[in-house]
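Okay, so here's the structure we're looking at.
The values are calculated or read from the model by the stated rules, or taken from the named source; none is laboratory data. None of the values given here were measured: they were computed from a predicted structure. Cβ coordinates were reconstructed from backbone atoms using ideal geometry, including for glycine residues, and neighbour counts include every protein chain displayed. Only protein heavy atoms, including side chains, enter the accessible area calculation; ligands, DNA and RNA are left aside. Shrake-Rupley method; radii C 1.70, N 1.55, O 1.52, S 1.80 Å.
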Amino acid sequence: MAVRLNESGYDHARSLVKDGRVVVDERDGWSEHQPSTREQNAFIAEHGMRAYARWHLGIDDQQDEDNKGRYKFPYGDFENVHRCALLAAESRAGQRKYTDIQLAAAHLHGMLEEIRLTQAAHSPGRRP
């Protein structure tokens, strides 16, 4: 299996994070937050496979371009980037030695951590 970084997906994720389209959720929330098969199919029907691909950090070059299985390491729900998805992608990519994907997920995770810390610093009731 030849899995590599999906540059357009990575660029899309960075753009979404910069625009504040993020969910700073808990580590283990991705199993509940990830789009269902029905939601994935509806998104593809409405927006096409190219748009679907942009929501993934990895591409399996051995799979056909029109196969959902070609796209690995999802990072969001077709609206926002999820912290829990990035943590899952970072961990799984590391386990499988997909260093480029692991580093991309870690970078995006770092961007979300900055947002999380900024939100915490400005939340009501926080002590100076």
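Observations, loosely collected:
- Neighbours by Cβ (under 9 Å, 6+ apart or cross-chain): first from the range 42-66, in contact (Cβ under 8 Å) with a residue 24 or more places away in the chain and hydrophobic (A, V, I, L, M, F, W, C); second exposed (fewer than 11 other Cβ atoms within 10 Å of the Cβ) and part of a loop (DSSP other than H, G, I, E, B): 59/2
- Scope the range 73-128; condition in contact with a strand residue (DSSP E or B) (Cβ under 8 Å, 6 or more places away or on another chain), among the β-branched types (Val, Ile, Thr) and surrounded by fewer than 22 Cβ atoms within 10 Å (Cβ to Cβ); matching residues: 115
- Taken over the range 93-107, the criterion of being touching a Lys or Arg at 6+ places or on another chain (Cβ under 9 Å) and either farther than 17 Å from residue 71 by Cα or modelled with pLDDT under 95 (or both) is satisfied by 107 alone.
- Lone unmet requirement of (1) out of contact with any His (no Cβ under 8 Å at 6 or more places or on another chain); (2) open to solvent by 30 Å² or more (accessible area, probe 1.4 Å); (3) β-branched (Val, Ile, Thr) for residue 23: (1)
- Taken over the range 18-50, the criterion of being aromatic (Phe, Trp, Tyr) and within 21 Å of residue 113 (Cβ to Cβ) is satisfied by 30 alone.
- Filter result for residue 29 (open to solvent by less than 30 Å² (accessible area, probe 1.4 Å) and at pLDDT below 95): yes
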